[in-house]
Amino acid sequence: MAVAEDTTALEASTVATAEPAAETENASYEYPGPRPLPGAILPHKRILAFYGNPLSKRMGILGEFPPEEMLQKLDQEVANWEKADSITPVQPALHVIVVTAQGEPSAGGKYRLRMTDKMIDGVLETAKKRDAIVFLDIQIGQSTLQEELPELEKYLKLPQVHLGIDPEFSMKNGGVPGRRIGTYDAADINYATQYLAELTKKHNLPPKLLVVHRFTQGMVTNTADIKLRPEVQVIMHMDGWGGPTLKRDTYRRYIKNEPVQFTGFKIFYKNDLKRPPGRLMTPEEVLALNPKPLYIQYQ
């Protein structure tokens with residue numbers, strides 16, 4: 001779905017969390033921001049997510065195959081990462097797009113379409129089969145986070161449900177999603193983290209995760225002004241596709257050079273094969289990046 005810079009464009013019965021942090025006040029902690037609160041997933045685990053929409057075979061691996069077959073493929077990727085890094089436990093995840101950008105001014109002229117509760121409930125039920133956490137991803141079009149997040153509150157207040165926001169489809173100054181790359185400012189990200197932090201305090205939840213997609217400079221502005229809160233763990237996620245050299249360069253330019261807190265890296269099963277050498281990066285190659293991504297997403 002995203003491209004690298006030089007291209008065009010329910011309540012769950014089980015909750016997966018990390019063990020409470022065992023660090024003392026004087027122990028070293030290498031990541032920006034507050035130390036993890038009890039129940040935080042990062043940096044104790046590495047998250048391995050399948051991305052997409054179950055209603056579309058074109059938006060990612062999550063919807064490309066029937067649920068059971070998709071889960072079997074997720075199991076295999078988890079095993080691959082456990083083999084590559086036997087020290088860091090792998091937390092499986094499903095990352096589902098629940099607000100999709102549209103090329104027409106549908107849904108009140110906002111160029112976005114909200115998915116039904118039935119679809120979201122189905123993903124939560126599928127995730128329970130692997131004790132997987134769930135990310136709800138939103139592509140707001142010409143809407144706003146202030147308008148969209150409250151619509152998802154009944155899900156975001158569940159302990160196993162987290163949030164993803166995609167600047168690519170945030171058309172702040174008008175325009176049609178997909179025809180140009182959108183943007184979020186630190187102020188938008190701060191609104192999202194404050195919203196999530198208030199939910200965690202109100203409902204006594206473990207820390208929430210916020211994934212922010214990025215593959216160009218302009219997709220996220222004023223990163224130095226992003227506020228890090230103990231109740232929310234922020235992942236800046238490298239969302240560009242291409243060959244290994246291009247992907248490493250994109251990671252260096254827009255993730256490593258503007259660190260926020262934790263980092264992520266996406267592998268495209270199809271788009272990454274379109275350019276030489278026509279292969280996917282291996283877990284070992286991704287683990288050689290600095291900083292090592294703690295969120296891995298497959299589309």
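The values are calculated or read from the model by the stated rules, or taken from the named source; none is laboratory data. Note that the structure is predicted; figures quoted are calculated from it, not measured. Ideal geometry is used to build each Cβ from the backbone, glycine not excepted, and the neighbour counts take in all protein chains shown. The protein model used for the area step is the full one, side chains on, heavy atoms only, and it has no ligands, DNA or RNA in it. Shrake-Rupley method; radii C 1.70, N 1.55, O 1.52, S 1.80 Å.
Here are the numbers for this structure:
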{"item": "³J(HN,Hα) computed for each position of region 129-139 - Karplus, 6.51 cos²θ - 1.76 cosθ + 1.60, integer Hz, glycine/proline x", "result": "5, 10, 6, 8, 7, 10, 10, 9, 9, 10, 10"}
{"item": "Charge tally in the Cβ shell below 15 Å around D185, where Lys, Arg are +1 and Asp, Glu are -1, D185 excluded", "result": "-2"}
{"item": "Residues of type aspartates and glutamates that K256 reaches as a straight line, Cα spacing below 15 Å, ignoring anything fewer than 8 places off in the same chain", "result": "E30, D239"}
{"item": "Length-normalised contact order for region 83-158 - Cα pairs under 8 Å, 6+ apart - percent", "result": "37"}
{"item": "Charged-residue dipole, Cβ positions (Lys, Arg, Asp, Glu), the chain about Cα centre, Debye nearest 20", "result": "500"}
{"item": "Leading residue at positive end of dipole, the chain (Cβ point charges), from P32, T282, Y195", "result": "T282"}
{"item": "In sequence order, calculated HN-Hα J values of region 159-174 (Karplus, 6.51, -1.76, 1.60; Hz; x Gly/Pro)", "result": "x, 9, 10, 10, 10, x, 10, 10, x, 3, 10, 9, 8, 4, 9, x"}
{"item": "Eligible lysines near K172 by straight Cα distance, threshold 22 Å, same-chain separation 8 or greater", "result": "K110, K227"}
{"item": "Considering only the chain, percent of DSSP beta bridges that pair antiparallel, nearest 5", "result": "10"}
{"item": "Cα gyration tensor shape for the chain, rounded if a/c is under 1.5, else prolate or oblate", "result": "rounded"}
{"item": "Per residue, in Å², the accessible surface of region 226-283 once ligands and nucleic acids are set aside, probe 1.4 Å", "result": "39"}
{"item": "Projected label distance in nm at N222 and L55, using a 7 Å step from Cα toward the beta-carbon", "result": "3.5"}
